[in-house]
1. So if I check each of Lys195, Lys183, Lys153, which one is at pLDDT 95 or above, touching a strand residue (DSSP E or B) at 6+ places or on another chain (Cβ under 7 Å), surrounded by fewer than 20 Cβ atoms within 10 Å (Cβ to Cβ) and farther than 20 Å from Glu58 by Cβ?
2. Looking at region 121-150 only, could you name the residues that are of a type in the set (Phe, Trp, Tyr) and surrounded by 18 or more Cβ atoms within 10 Å (Cβ to Cβ)?
3. Inspect region 76-84 for any residue being more than 9 Å from the ligand (Cβ to nearest atom) and surrounded by 12 or more Cβ atoms within 10 Å (Cβ to Cβ) and give the result as yes or no.
4. Counting only residues that are out of contact with any strand residue (DSSP E or B) (no Cβ under 8 Å at 6 or more places or on another chain) and either free of Cβ contacts under 8 Å to residues at least 24 places away in the same chain or within 16 Å of the ligand (Cβ to nearest atom) (or both), how many does region 156-179 have?
5. Limited to region 180-195, what total is found for residues that are without any contact (Cβ under 8 Å) to a residue 60 or more places away in the chain and either of a type in the set (Lys, Arg) or in a loop (DSSP other than H, G, I, E, B) (or both)?
6. Check region 18-33 and report whether any residue there is touching a residue at least 60 places away in the same chain (Cβ under 8 Å), more than 16 Å from the ligand (Cβ to nearest atom) and hydroxyl-bearing (Ser, Thr, Tyr).
7. Within region 62-145, which helices (runs of 4 or more DSSP H) (wholly inside it) include 2 or more residues that are modelled with pLDDT of 95 or more and within 14 Å of the chain's Cα centre (by Cα)?
Amino acid sequence: MPYECILTETDGAVGIITLNRPDALNAFNRKLMDELTEAVKAFEADDAIGCMVLTGSEKAFAAGADIKEMASKDYIEVFKEDFITGNWEEVARARKPVIAAVNGYALGGGCELALMCDFIIAGDTAKFGQPEISIGAMPGAGGTQRLARFIGKSKAMEMCLTGRMMDAEEAERCGLVSRIVPKSELREEAIRVAKQIAGFSRPIAMLTKESVNRAYETTLTEGVRFERRVFHSVFAFEDQKEGMAAFAEKRKPVFKNR
Ligand code: CAA
């Protein structure tokens, strides 16, 4: 069934999800959130896909939760539906790598959604912010937690308490985004990087992702131990034998994803 608020397509082994509610700058209404969850699950389950790209338009990655839709909600309602990320952390839970390609506004839940991805490539006009405080709310999709971990307390606190937007250069300086590209090249570049990732051994890419994520969930000692065990497990893969043999034989490896 075609989606109403997102577009999905594939390019080789890359699954591309484009947020597509242009009239509301891709603000997240219920429909968009449900469709996003569906699409991520579908690409997760598709063996032909090795990496995902999540993107929006040139004007907006996403301007956050739909303010008009949520304005009249009461406490019981938001509690019962576990608003806003109840069914939505699917992106953060994805085991395959997910790249956020951000052009224009990534505000509120839009910034939080980008933070749920594995890394962010930004177009040079990208703007990140947590403006919820200016509408009598606060971040509710992980913004206070992920921002503080990724860019440190001082900047996270300032962004959440003032609603100030950060441009792409500042976002790159403080490590919020991995790098900046001209806005017209963003989509193409994100897909190129995703193809590169999808071309490596898929299970090893998934283990690598899991290991980096462990850094944000545990102590250094436990994280390093986890990494070593996972590293050892890599030696059980045919892809490790193939990758190292190909290096020695000066040829390109052919990974079989096992
Ligand atoms: N919800 C609903 N509609 C939104 C929206 C949002 N978050 N953001 C923009 N829109 C709508 C506007 O209402 C407008 O619709 P109409 O044409 O029907 O009036 C349309 O999108 C275009 O927006 P603007 O005319 O405002 O465009 P602009 O270029 O002048 O400004 C903007 C762009 C600075 C992003 C401005 O739209 C804005 O401030 N948006 C709200 C951003 C925000 O506060 N986000 C946080 C939401 S709360 C949240 O996300 C909670 C959470 O943690 C999960």
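The values are calculated or read from the model by the stated rules, or taken from the named source; none is laboratory data. Please read these numbers as outputs of a predicted model, since none were measured by experiment. A quick note on method: Cβ atoms are made from the backbone with ideal geometry, for glycine too, and the neighbour counts reach across all protein chains shown.
1. Details: Lys183 fails: farther than 20 Å from Glu58 by Cβ; Lys153 fails: touching a strand residue (DSSP E or B) at 6+ places or on another chain (Cβ under 7 Å).
Of the residues listed, the single one that is at pLDDT 95 or above, touching a strand residue (DSSP E or B) at 6+ places or on another chain (Cβ under 7 Å), surrounded by fewer than 20 Cβ atoms within 10 Å (Cβ to Cβ) and farther than 20 Å from Glu58 by Cβ is Lys195.
2. Step one: filter region 121-150 for residues of a type in the set (Phe, Trp, Tyr), giving 128, 150.
Correct list: Phe128 only.
3. Going residue by residue through region 76-84, those that are more than 9 Å from the ligand (Cβ to nearest atom) are 76-82.
Narrowing further to those that are surrounded by 12 or more Cβ atoms within 10 Å (Cβ to Cβ): 78, 81.
So far as region 76-84 goes, yes, one or more of its residues are more than 9 Å from the ligand (Cβ to nearest atom) and surrounded by 12 or more Cβ atoms within 10 Å (Cβ to Cβ).
4. To start, the set of residues in region 156-179 that are out of contact with any strand residue (DSSP E or B) (no Cβ under 8 Å at 6 or more places or on another chain) comprises 156-158, 160-162, 170, 173, 175.
Filter again for either free of Cβ contacts under 8 Å to residues at least 24 places away in the same chain or within 16 Å of the ligand (Cβ to nearest atom) (or both), leaving 156-158, 160-162, 170, 173.
Residues that pass the stated criteria total 8.
5. 2
6. No, region 18-33 contains no residue that is touching a residue at least 60 places away in the same chain (Cβ under 8 Å), more than 16 Å from the ligand (Cβ to nearest atom) and hydroxyl-bearing (Ser, Thr, Tyr).
7. Working: elements: 67-70, 75-80, 90-93, 109-116.
Filter on region 62-145 gives 109-116.
Quick grid of which residues meet (1) out of contact with any Asp or Glu (no Cβ under 8 Å at 6 or more places or on another chain); (2) of a type in the set (Val, Ile, Thr); (3) surrounded by 16 or more Cβ atoms within 10 Å (Cβ to Cβ):
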{"site": "Ile16", "(1), (2), (3)": "no, yes, yes"}
{"site": "Asn20", "(1), (2), (3)": "yes, no, yes"}
{"site": "Phe28", "(1), (2), (3)": "no, no, yes"}
{"site": "Val40", "(1), (2), (3)": "no, yes, yes"}
{"site": "Asp46", "(1), (2), (3)": "yes, no, no"}
{"site": "Ser57", "(1), (2), (3)": "yes, no, yes"}
{"site": "Ala60", "(1), (2), (3)": "yes, no, yes"}
